[in-house]
Amino acid sequence: MTDFTRRLTRSPLAFDPEAGADSQARFADLAPELREVLAGTAGCSPFLKGIMEREEPWLREALAQSPEAALDAELDSLVPDTPAVTGSALRRAKRRIALLAALADLGGVWPLETVTAALTRLADTAVQRALATHLAEEIRRGKLPGAQPGDEETGAGMVAFAMGKMGAHELNYSSDIDLICLFDETQFDDDERHDARQSFIRATRKAAAMLNDHTGEGYVFRTDLRLRPDASVTPVCMSMDAAERYYESLGRTWERAVWIKARPCAGDLVAGAQFLDTLRPFVWRRHLDYAAIQDAHDMRLRIREHKGLGGALVLEGHNMKLGRGGIREIEFFTQTRQLISGGRDPDLRHRDTVGGLAALAQKDWVPDSTAKTLTEHYRAHREVEHRLQMINDAQTQLLPTSPEGFDRLARFMGEGDTEIWRRDLLDRLNAVAGLTEDFFAPSDAIAMPTLSDQQRSIVRGWRAYPSLRSQRAQDIFTRFQPDLLSRLLAAPLPDDAIVAFDRFLSGLPAGVQVFSLFEANPTLVDLLIDILTTAPVLGEYLARNAGVFDAVIGGDFFAAWPAPGALIADLDARLVALDDYESRLDAARVWHKEWHFRIGVHHLRGLIDGFEAGTQYAKLADVVLMGLWPLVVEEFARKHGPAPGRGAAVLGMGSLGAGRLNAGSDLDLIVIYDAAGQESSDGPRPLAARPYFARLTQALVTAVSAPMSQGRLYEVDMRLRPSGRQGPVATSLEAFSTYQRDEAWTWEHLALTRARPIAGAVELVAEIDAFRQQLLAEKSQGDSIPQDVSDMRARLRAAKPGQGALDAKDGAGRLQDIELIGQMFALQTAATTRRPETQILSGRRAGRIDAAQETTLLTAYRLLWRVQIAQRLLADRVTDADAMGDGARNFVLRETGMESMAALATRLDQVTQAAAQVIDTVLPPAAAP
């Protein structure tokens, strides 16, 4: 016996010996064990018995080789021919491969996935041959513009998409096949498109008929073309442009789910792949799409109602596909989870159900135990479905209604005890129903809590807000409102929490997605309440950018800050997936919002302190600039040619250069270039070197600061460039060097102590940094530095005297004052360090101050920075403790280690006075105004 037949004889198939007597006799020359399997198959399935009798010679030949070889040989025999010959060959192949797959399945030779893959290979080949055959007829008759003989094999501009189970390589034993046929209108001139469209429509109809029609030889596949856009009024083959416009404007959630499994299977596969890429934003939404849960749940209920499948779960007549706990429940569960999260995580975009469940479990979107249970039950359900369909080649998923029917099915499944088999099946159905029902329609209803009159008045006004305009938003909000109110009332100050949520809701432009997100993830409401009652400005930001909540659900939101290189790799991965420049800029804004929000939440929750937050905000800005600069350069070069000479470098100045920002910081930048003697660029629209780099710099500023659909990244300030606002926005290296040596004021040299290259040509960056070090050494001996700094300090104090006890930035002995003296020390000592602490250290090491004075300055700086970064997270500027809510006050006190706001104010007064005295000692008196 061959390995195939040897494995077949291990089949647990049980059968009625009398029903299989004919087959026993027919195959009397085969081994007894093999005769028994074939007789058992015939005894359980009249349909398979008929094929065995009709294809006996072929079956004997197939049994003499491996099933894989028999499958390949039969598919290879399907070659181009006339419609009549092709139709007959396809029906013969269907009979033979159906029998082969059945025996390999029943005998345990092939696992479920191999069986469904074999049936899908047959379907792919059949669709290709049917379509190519009738396209060839159109070409032969001269009906398809521009097409030549042979073009039919690559579709001649048309593609068939396999949908549903065929698309996922999951065809069951008696599946119909769902196809969407489209043609690429861009391959035809305007005056040719009508004729091409008509030709493709004819070919599609004839190909479907070849597959679908019953003849004396049977049929190939029942073929359904109704999944196309608006099938009741559109032709069976439509243009890709028309399909794309439909999905963009009218596409529904069920159509998104349909395209999860879709793949081009016949015709122009290249055009098909391009269309799938075009449709990606429709199928895979950028934000977590929890509204898909309700859509899928509603769809399930409509199917049950339409098919009359409601009521208690009983086995007699139960629908294994559409009934409770059935195959469709597992598929809906998987696809809905994919729709929710697949827009953000391409790893979840599996076509097949088993692969989708495994990916969801691997990424922690579903518990591993849930994925394993559903996978096991899915495979078991599919095997039952196969057996039901093998009996009479009927597209049925209905279990028998009689004891005799269940006996036959149990024997066909290899189970001798029908009652045990029934009990196991019922347990599986109930397990699936339990897991999926909890996901689609959680049953833990919460009663509406009791509200005070004031609270009730506020809540009553919520229905008038824009986010609750649609009926759908109102329905979702009504469902989760009791839980929401219960969580608001559980806050330390319930009245403040409800008022804060009212403010958030009033600024929310749309509600369906956000309310669905909260309903599916109730703990997000707790985080929102924490933010709203502590940092109202961050709450207002959330109302405008609710999509950042997606990051919280992503799994690693509360993880530690990523290792060096990981952040830029994350941004690059987000940008490389997009083709056009503006989409990349928008994607960068979405990415930045998520990480910026994450830093704020980590700081608010005490996972990091103010100094860690300041460093993370600066690193985030670095990555944004490093990620966008190459895109800006590439886009600009596309229009005007590559940059002349050695290109340009971007330098961070001020707080960015020092590597410490707060939640509301803008970016101080300068751009330095070196054209290396090259007068102009070489491109479609060449520019002279100076305007080239000026406009390149403006393009960078626009990329960072322009308001787009996803907002802006940062405000950009370029006033620290040579000559400030009067100077060019980009400066040549030669002009920059000359200016700094011969014309720059002391304050410009002070600014240079914090200059830090961030992006640009590596050699140029190194040269600029070397020049900075050399210049600081040259200018460190200037006798006028202390007087210049004293005069500058006096002007700053006159212009910005400070606003109250909590103003951490402006005023004597406060942040700006301390940072200024630190920059002076760095300039005087030619120190290359950039941070205030190390710049002050350079002054102590050089003997400009003693250790006690250093401690005084650093103590004041550290407390002031903690106040500053906390305040900027809470609001743009807070100078009065009475204007802060309890949550905000508690956050500031935790950050600063103080017991009360009064104690904080007292401590600030002490440390700033002490710091101011040290600075007064170091600097000479300011000159008269």
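The values are calculated or read from the model by the stated rules, or taken from the named source; none is laboratory data. All of these numbers come straight from a predicted model, not from anything done at the bench. Ideal geometry is used to build each Cβ from the backbone, glycine not excepted, and the neighbour counts take in all protein chains shown. Ligands, DNA and RNA are excluded from the accessible area calculation, which covers all protein heavy atoms including side chains. Shrake-Rupley method; radii C 1.70, N 1.55, O 1.52, S 1.80 Å.
Tell me yes or no: at least one residue of the stretch 771-792 is crowded, with 20+ Cβ neighbours inside 10 Å, in contact with a Gly (Cβ under 7 Å, 6 or more places away or on another chain) and in contact (Cβ under 8 Å) with a residue 60 or more places away in the chain.
The answer is no, given that none of the residues of the stretch 771-792 is crowded, with 20+ Cβ neighbours inside 10 Å, in contact with a Gly (Cβ under 7 Å, 6 or more places away or on another chain) and in contact (Cβ under 8 Å) with a residue 60 or more places away in the chain.
Considering each residue of the stretch 79-99, count those that are of a type in the set (A, V, I, L, M, F, W, C) and open to solvent by 30 Å² or more (accessible area, probe 1.4 Å), and give that number.
Going through the stretch 79-99, the residues of a type in the set (A, V, I, L, M, F, W, C) turn out to be 79, 84-85, 89-90, 93, 97-99.
Still in the list and also open to solvent by 30 Å² or more (accessible area, probe 1.4 Å): 79, 84-85.
The number of residues fulfilling the criteria is 3.
Look at the stretch 535-548 and say how many of its residues are modelled with pLDDT of 70 or more and open to solvent by less than 10 Å² (accessible area, probe 1.4 Å).
4
So ASP791 fits all but one of (1) closer than 18 Å to LEU908 by Cβ; (2) more than 45 Å from the chain's Cα centre (by Cα); (3) not small (Gly, Ala, Ser); what number is the exception?
For ASP791, the failing item is (1).
Read through the list (1) outside any strand (DSSP E or B); (2) within 30 Å of the chain's Cα centre (by Cα); (3) of a type outside the set (A, V, I, L, M), then give the number of the only condition that CYS181 fails.
Unmet condition: (1).
Looking at the stretch 731-771, which of its residues are touching a helix residue (DSSP H, G or I) at 6+ places or on another chain (Cβ under 6 Å) and of a type in the set (Lys, Arg)?
The answer is ARG754, ARG756.
Among what's in the stretch 593-634 and is among the aliphatic types (A, V, I, L, M) and closer than 19 Å to ILE529 by Cα, pick the residue that is modelled with the highest pLDDT. Steps first, answer last, please.
Initial filter on the stretch 593-634 (among the aliphatic types (A, V, I, L, M)): 599, 601, 604, 607-608, 613, 618, 620-621, 623-626, 628, 631-633.
Pick out the ones that are also closer than 19 Å to ILE529 by Cα and you get 599, 601, 604, 607.
Values: ILE599: 90, VAL601: 83, LEU604: 82, LEU607: 87.
For the stretch 593-634, the residue satisfying everything is ILE599.
Only one of ALA648, ALA643, ALA588, ALA637 is surrounded by fewer than 19 Cβ atoms within 10 Å (Cβ to Cβ), more than 24 Å from PHE891 (Cα to Cα) and either modelled with pLDDT of 90 or more or touching a helix residue (DSSP H, G or I) at 6+ places or on another chain (Cβ under 6 Å) (or both); which?
Numbers: ALA648 fails: surrounded by fewer than 19 Cβ atoms within 10 Å (Cβ to Cβ); ALA643 fails: surrounded by fewer than 19 Cβ atoms within 10 Å (Cβ to Cβ); ALA588 fails: surrounded by fewer than 19 Cβ atoms within 10 Å (Cβ to Cβ).
Criteria check complete, one pass: ALA637.
Kindly provide the set of residues from the stretch 738-794 that are among the polar types (S, T, N, Q) and either under 17 Å from LEU720 (Cβ atoms) or assigned to a helix (DSSP H, G or I) (or both), ordered by number. Before you say what the answer is, go through the steps one by one.
Residues of the stretch 738-794 that are among the polar types (S, T, N, Q), as a first pass: 738, 740, 746, 753, 773-774, 780-781, 784, 787, 790.
Correct list: THR738, GLN740, THR746, THR753, GLN773, GLN774, GLN787, SER790.
For the stretch 394-431, name all the residues that are part of a loop (DSSP other than H, G, I, E, B), surrounded by 20 or more Cβ atoms within 10 Å (Cβ to Cβ) and in contact (Cβ under 8 Å) with a residue 60 or more places away in the chain. Show your work before the answer.
To start, the set of residues in the stretch 394-431 that are part of a loop (DSSP other than H, G, I, E, B) comprises 394-397, 399-402, 413-417.
Within this subset, residues satisfying the condition of being surrounded by 20 or more Cβ atoms within 10 Å (Cβ to Cβ) are 397, 399, 413.
Scanning the stretch 394-431 gives GLN397, LEU399.
Helices (runs of 4 or more DSSP H) wholly in the stretch 244-327 with at least 1 residues that are closer than 30 Å to VAL159 by Cβ and modelled with pLDDT of 85 or more - which ones? Explain how you work it out, then say what you get.
Details: elements: 253-260, 269-283, 291-307.
Passing ranges, in order: 253-260, 269-283.
Condition first: open to solvent by 30 Å² or more (accessible area, probe 1.4 Å) and in contact with a Gly (Cβ under 8 Å, 6 or more places away or on another chain). Now tell me which residues in the stretch 761-770 satisfy that.
Narrowing the stretch 761-770 to residues open to solvent by 30 Å² or more (accessible area, probe 1.4 Å): 761-763, 765-767, 769-770.
ALA761 - this is the single residue of the stretch 761-770 that is open to solvent by 30 Å² or more (accessible area, probe 1.4 Å) and in contact with a Gly (Cβ under 8 Å, 6 or more places away or on another chain).
With respect to ARG387, is the statement that it is among the basic types (Lys, Arg) and touching a Phe, Trp or Tyr at 6+ places or on another chain (Cβ under 6 Å) true? Steps first, please.
Working: among the basic types (Lys, Arg): yes; touching a Phe, Trp or Tyr at 6+ places or on another chain (Cβ under 6 Å): yes.
Judged against the criteria, ARG387 is a match.
Count, please, the residues in the stretch 672-705 that happen to be under 27 Å from LEU620 (Cβ atoms) and free of Cβ contacts under 8 Å to residues at least 24 places away in the same chain.
2
Being open to solvent by less than 50 Å² (accessible area, probe 1.4 Å), modelled with pLDDT of 85 or more and of a type in the set (A, V, I, L, M): is that true of LEU508 here? Write out each step before concluding.
On the way: open to solvent by less than 50 Å² (accessible area, probe 1.4 Å): yes; modelled with pLDDT of 85 or more: no; of a type in the set (A, V, I, L, M): yes.
Judged against the criteria, LEU508 is not a match.
Mind listing whichever residues of the stretch 203-236 are buried (at least 19 other Cβ atoms within 10 Å of the Cβ) and not polar (S, T, N, Q)? Outline the logic, then answer.
Start the filter on the stretch 203-236 by keeping residues that are buried (at least 19 other Cβ atoms within 10 Å of the Cβ), which leaves 203-204, 207-208, 210-211, 220-221, 223, 225, 228, 236.
Matches in the stretch 203-236: ALA203, ALA207, ALA208, MET210, LEU211, VAL220, PHE221, LEU225, ARG228, VAL236.
Being out of contact with any Lys or Arg (no Cβ under 9 Å at 6 or more places or on another chain) and either open to solvent by 10 Å² or more (accessible area, probe 1.4 Å) or among the aliphatic types (A, V, I, L, M) (or both) narrows it down to one residue among ALA663, ALA658, ALA694; which is it?
Numbers: ALA663 fails: out of contact with any Lys or Arg (no Cβ under 9 Å at 6 or more places or on another chain); ALA658 fails: out of contact with any Lys or Arg (no Cβ under 9 Å at 6 or more places or on another chain).
Selected residue: ALA694, the only one of ALA663, ALA658, ALA694 that is out of contact with any Lys or Arg (no Cβ under 9 Å at 6 or more places or on another chain) and either open to solvent by 10 Å² or more (accessible area, probe 1.4 Å) or among the aliphatic types (A, V, I, L, M) (or both).
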